[in-house]
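Quick notes on the structure that follows.
The values are calculated or read from the model by the stated rules, or taken from the named source; none is laboratory data. Everything numeric in this text was worked out from a predicted model, so none of it was measured. Ideal geometry is used to build each Cβ from the backbone, glycine not excepted, and the neighbour counts take in all protein chains shown.
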Amino acid sequence: MIVMEDKKLKIKFHRIVQLALKEDLGRGDITTEAVVKDEERTLGIIFPKQNGVLCGIELARMVFAELDPRVNFEAQMKDGEEFTTGAAIATVIGPAAACLKGERTALNFLQHLSGIATLTRQFVNAAGGRIKILDTRKTMPGLRVIEKYAVRTGGGYNHRFGLHDMVLIKDNHIQIAGGITNAVQAVRKTRRAFIEVEVKTKDELKEALGLKVNRIMLDNMNLDQMRQAVDIIRQQDRPRHRTEIEISGGVDLGNIRHFAELDIDFVSVGSLTHSAPAVDIALKMKPLSIAESTK
């Protein structure tokens with residue numbers, strides 16, 4: 001179960017909520033403003049139409065609070081909890097206009113983030129706890145912070161957040177630098193850093209091992225190639241240095257268990273964020289008299 005307690009994270013989430021509302025409302029909700037009277041109140045229930053893992057409940061709360069602080073948002077579940085079809089996720093009680101204006105934005109956050117958390121949980125369960133499931137930078141621009149939060153909510157782990165927080169030498173770096181050795185040496189001339197190198201062949205693997213890098217990413221190899229690569233790496237490990245191994249490319253729910261049986265540390269899965277299907281979540285409202293709402 002995940003509870004969002006980090007103040008800095010909440011500030012970032014709030015900014016995203018504000019941008020989302022500005023995008024959706026524009027100059028106003030012309031339908032609601034024409035149809036709904038100011039004094040009208042509503043009771044709304046948020047519920048899923050399929051099973052999944054909840055994520056985004058605090059963003060949904062922020063949506064309605066931003067529109068009207070009089071909206072009472074009561075969550076029945078917390079991020080990270082699994083839900084079944086029809087379960088009550090939350091209720092909203094308050095001015096009908098604010099609830100209608102926030103409906104789509106709140107559901108968009110809940111559906112998208114719960115989809116990521118659900119897919120991540122499926123990968124984590126399929127791996128059987130033997131390895132860590134990592135996300136990638138394959139996120140929607142501007143939404144990385146909430147998408148990576150959803151991965152953590154599902155039980156996965158975050159790879160680097162951006163280009164600034166970890167050295168990862170990939171194939172294009174290697175091509176431009178003129179080889180793995182040149183690229184690694186260039187990094188070491190400028191900074192002492194944890195270095196990960198992506199390799200695609202046995203020759204590249206041996207070159208990276210000779211440089212004693214911290215982590216090796218085995219990219220787009222088949223299972224037999226990965227087994228051989230892992231054996232080579234573990235044979236080269238020294239008593240005080242265990243090379244971390246990450247597998248990437250071609251990993252799905254059908255084959256993750258085979259990779260998890262190898263002596264590796266991580267599997268990075270881009271689909272967690274770029275291809276997770278949204279969970280179908282709805283918000284149904286009914287009119288509520290002032291007398292009912294104050295009971």
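Please work out if Met217 is free of Cβ contacts under 8 Å to residues at least 60 places away in the same chain, among the hydrophobic types (A, V, I, L, M, F, W, C), touching a Gly at 6+ places or on another chain (Cβ under 8 Å) and surrounded by 15 or more Cβ atoms within 10 Å (Cβ to Cβ). For Met217, the condition - free of Cβ contacts under 8 Å to residues at least 60 places away in the same chain, among the hydrophobic types (A, V, I, L, M, F, W, C), touching a Gly at 6+ places or on another chain (Cβ under 8 Å) and surrounded by 15 or more Cβ atoms within 10 Å (Cβ to Cβ) - is not met.
The helices (runs of 4 or more DSSP H) found entirely in the stretch 108-199 that carry 2 or more residues being over 13 Å from the mean Cα position of the chain (by Cα) and surrounded by fewer than 19 Cβ atoms within 10 Å (Cβ to Cβ) are 171-177, 180-190. Kindly indicate whether Ile233 is outside any helix (DSSP H, G or I) and surrounded by 14 or more Cβ atoms within 10 Å (Cβ to Cβ). No: the conditions fail for Ile233. Filtering Lys8, Lys22, Lys12 for residues that are charged (D, E, K, R), over 29 Å from Gly155 (Cα atoms) and assigned to a helix (DSSP H, G or I) leaves a single hit, Lys22.
Residues of the stretch 236-243 include at least one that is over 16 Å from Phe194 (Cα atoms), without any contact (Cβ under 8 Å) to a residue 40 or more places away in the chain and in contact with a helix residue (DSSP H, G or I) (Cβ under 8 Å, 6 or more places away or on another chain).
Among the residues of the stretch 1-28 satisfying the criterion of being among the basic types (Lys, Arg) and farther than 22 Å from Ser114 by Cα, which is modelled with the lowest pLDDT? My answer is Arg27. Are any residues in the stretch 33-63 basic (Lys, Arg) and buried (at least 18 other Cβ atoms within 10 Å of the Cβ), and if so, which ones? Answer for the stretch 33-63, where residues must be basic (Lys, Arg) and buried (at least 18 other Cβ atoms within 10 Å of the Cβ): Arg41, Arg61. Do we have any residue at all in the stretch 64-75 that's crowded, with 18+ Cβ neighbours inside 10 Å, in contact (Cβ under 8 Å) with a residue 40 or more places away in the chain and under 21 Å from the mean Cα position of the chain (by Cα)? No: the stretch 64-75 contains no residue that is crowded, with 18+ Cβ neighbours inside 10 Å, in contact (Cβ under 8 Å) with a residue 40 or more places away in the chain and under 21 Å from the mean Cα position of the chain (by Cα).
Return a yes/no flag: does the stretch 202-217 have any residue that is under 21 Å from Asp252 (Cβ atoms), assigned by TED's automatic domain parsing to the domain that holds Gly178, modelled with pLDDT of 95 or more and in contact with a Lys or Arg (Cβ under 6 Å, 6 or more places away or on another chain). So far as the stretch 202-217 goes, no, none of its residues is under 21 Å from Asp252 (Cβ atoms), assigned by TED's automatic domain parsing to the domain that holds Gly178, modelled with pLDDT of 95 or more and in contact with a Lys or Arg (Cβ under 6 Å, 6 or more places away or on another chain).
Per-residue answers, yes or no, for (1) more than 30 Å from Arg27 (Cβ to Cβ); (2) β-branched (Val, Ile, Thr); (3) outside the structural domain of Gly270 (by TED's automatic domain parsing):
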| residue | (1), (2), (3) |
| --- | --- |
| Leu67 | no, no, yes |
| Leu113 | no, no, yes |
| Lys138 | yes, no, no |
| Ile146 | no, yes, no |
| Val151 | yes, yes, no |
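Just so you know, in the stretch 20-32 the residues that are surrounded by 13 or more Cβ atoms within 10 Å (Cβ to Cβ) and not small (Gly, Ala, Ser) include one that is farthest from the chain's Cα centre (by Cα), and it is Thr32.
If you filter the stretch 57-101 down to residues that are aromatic (Phe, Trp, Tyr) and not in a helix (DSSP H, G or I), you find that the one that is farthest from Lys286 (Cα to Cα) is Phe83.
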